[in-house]
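Before anything else, here's the structure in question.
The values are calculated or read from the model by the stated rules, or taken from the named source; none is laboratory data. Worth saying up front: this structure is predicted, and the values here are computed from it rather than measured. We place every Cβ from the backbone using ideal geometry, glycine too, and count neighbours over all the protein chains shown. With ligands, DNA and RNA removed, areas are computed over all heavy atoms of the protein, side chains included. Shrake-Rupley method; radii C 1.70, N 1.55, O 1.52, S 1.80 Å.
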Amino acid sequence: AVTPMEKVMTMLADVQMKLVENGKTSDLAFTNYSKFCSHGKRDLGYDIKDGEKTVEQLTATIAKTSSEIDVSTSKLQELQGAISKSEADLTQAQGMREKEHQEHQNAHGELGEATEMLGRAIKTLSTKVKPSLLQQKVDGDVLLKALGAVVDAASIPYKERESLMSFVEAQNYISPKSQNIVSILEDMKMKAREELNTMAVAEKQSLHSFLMLKQSLEMQISADQKEMDQAKLLKATAQQEKAVAEADLEGTEKDLANDKESLKKLELSCSQATRDYEDSSKSRAEEMDALKKAEKVLAEKTGATIQSAAFLQIFGDDLGLGSMGSVVQIMRSLAKSDRGMETFAENVESLMQTGDANADNAPGVFEKVKDMIENMIASKKKEAASEQTKKAYCDEEQSKTKAKLEELSSKKDTL
């Protein structure tokens, strides 16, 4: 049969084994979580570095496109001014050309009519005036008077007579030598024709100059308009590129802030996990040390082992209370390193004092001490279960953090 001491020793051994198993489980979980922390910090560090580089690139793109927009805007204003000036010059040239052409038409018509009038006058005078009168020599000073007499003699109509007289007067004709009336009129007619030819040449030259200027201005306007279209396209492209870069920058800065916040949380979580692991490891070591000391003291005082049946000898032949003091001494020695064992020893001592008052209660006291030892073992098991709960919490936090990292990694791949 299994003795009570053997049961106690077995319980102590079971608790030690549980502690060892819990330690292995905790060590493995912490190792895995440490790897997870290391990989998470590394990946987030890469993401942050890439994000900062992207922010720098996008900022440079925004600055570049802003400069291009400013240059394009200035160029467009310059070209618009040049086009407006060319159009104004062309409008002015067209107005001047129309005016010149109208003046030419008026002068050409008047001179043409004068030439025809001189021709009719010469013909009329040659047929209606006596040759002796026509052959009479006149100077410039008496030309109008002589012409008036000849015209009157030819009975030229009044209106045409006035036109002829006005034309001749306007010519302010001065002959180098005395000539007859017909020769003077023929000389005027010839000069009128020469002037008509000169006017025609001038008109042609004026038209040619205008057409050349018009062509030059239109070509300049066309070239400026093409350049203006290109500047508009460059500006629109730069504006679109800038808008995209600004939107990307906003998103990248948000992602970067999230990555930094995630890294901060991960570092805090990993630091806390390290502290928890160190605390639990220290607690297990102290608990293991206390259990080993208890096992050692019990073995030294009683000679009991897991296979021994000598537990009852602690209490003497009839389960007397005289040797109960050795149990208290064992508990007191364990209490030096374990506060729980100190409380336990105090409770045992108090129970023993109750037994000393009534020796008949010795068997009952023994049972109560045994129950207290079993309760202590149960308490240790409960603490071990609590450690498992901490581990489960740690695993859950690790899973959440890992999911967050996978989400961030997915966003990065999408970008």
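Condition first: open to solvent by 70 Å² or more (accessible area, probe 1.4 Å) and among the aliphatic types (A, V, I, L, M). Can you find one or more residues in the range 255-263 that meet it?
No; the residues of the range 255-263 include none that is open to solvent by 70 Å² or more (accessible area, probe 1.4 Å) and among the aliphatic types (A, V, I, L, M).
Follow-up question, since we're still on this one. Do we have Lys204 as modelled with pLDDT of 95 or more and open to solvent by 90 Å² or more (accessible area, probe 1.4 Å) here?
Here the answer is no, as Lys204 does not meet what is asked.
Another question, then. For the range 99-108, check the following and say yes or no: at least one residue is more than 30 Å from Lys189 (Cβ to Cβ) and part of a helix (DSSP H, G or I). Outline the logic, then answer.
Initial filter on the range 99-108 (more than 30 Å from Lys189 (Cβ to Cβ)): none.
For the range 99-108, residues more than 30 Å from Lys189 (Cβ to Cβ) and part of a helix (DSSP H, G or I): absent.
Among the candidates Ser26, Ser72, Ser86, Ser34, which residue alone is hydroxyl-bearing (Ser, Thr, Tyr), touching a Ser or Thr at 6+ places or on another chain (Cβ under 7 Å) and touching a residue at least 12 places away in the same chain (Cβ under 8 Å)?
Ser26
Same structure, new question: Return the pair list, or none, for Cβ contacts closer than 7 Å from residues in the range 233-256 that are under 18 Å from Glu68 (Cβ atoms) and of a type in the set (A, V, I, L, M) to residues that are assigned to a helix (DSSP H, G or I) and open to solvent by 50 Å² or more (accessible area, probe 1.4 Å), at least 6 apart or on different chains.
Matching pairs, first to second residue: Leu234/Glu68; Ala238/Glu68; Leu249/Thr59.
Taking the stated definitions as given, is Asp248 under 25 Å from Ser74 (Cα atoms) and either surrounded by 14 or more Cβ atoms within 10 Å (Cβ to Cβ) or at pLDDT below 95 (or both)?
no
Here is a follow-up. Report yes if some residue within the range 14-33 is under 24 Å from the mean Cα position of the chain (by Cα), of a type in the set (Val, Ile, Thr) and crowded, with 18+ Cβ neighbours inside 10 Å; otherwise report no. Don't jump to the end; show me each part of the working.
So the first thing to find is which residues in the range 14-33 are under 24 Å from the mean Cα position of the chain (by Cα), and the list is none.
No; the residues of the range 14-33 include none that is under 24 Å from the mean Cα position of the chain (by Cα), of a type in the set (Val, Ile, Thr) and crowded, with 18+ Cβ neighbours inside 10 Å.
Let's see how each residue does on (1) surrounded by 14 or more Cβ atoms within 10 Å (Cβ to Cβ); (2) modelled with pLDDT of 70 or more; (3) under 30 Å from Thr115 (Cα atoms):
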{"position": "Ala153", "(1), (2), (3)": "yes, no, yes"}
{"position": "Tyr158", "(1), (2), (3)": "no, no, yes"}
{"position": "Ser163", "(1), (2), (3)": "yes, yes, yes"}
{"position": "Glu169", "(1), (2), (3)": "no, no, yes"}
{"position": "Tyr173", "(1), (2), (3)": "yes, no, yes"}
{"position": "Arg193", "(1), (2), (3)": "yes, yes, yes"}
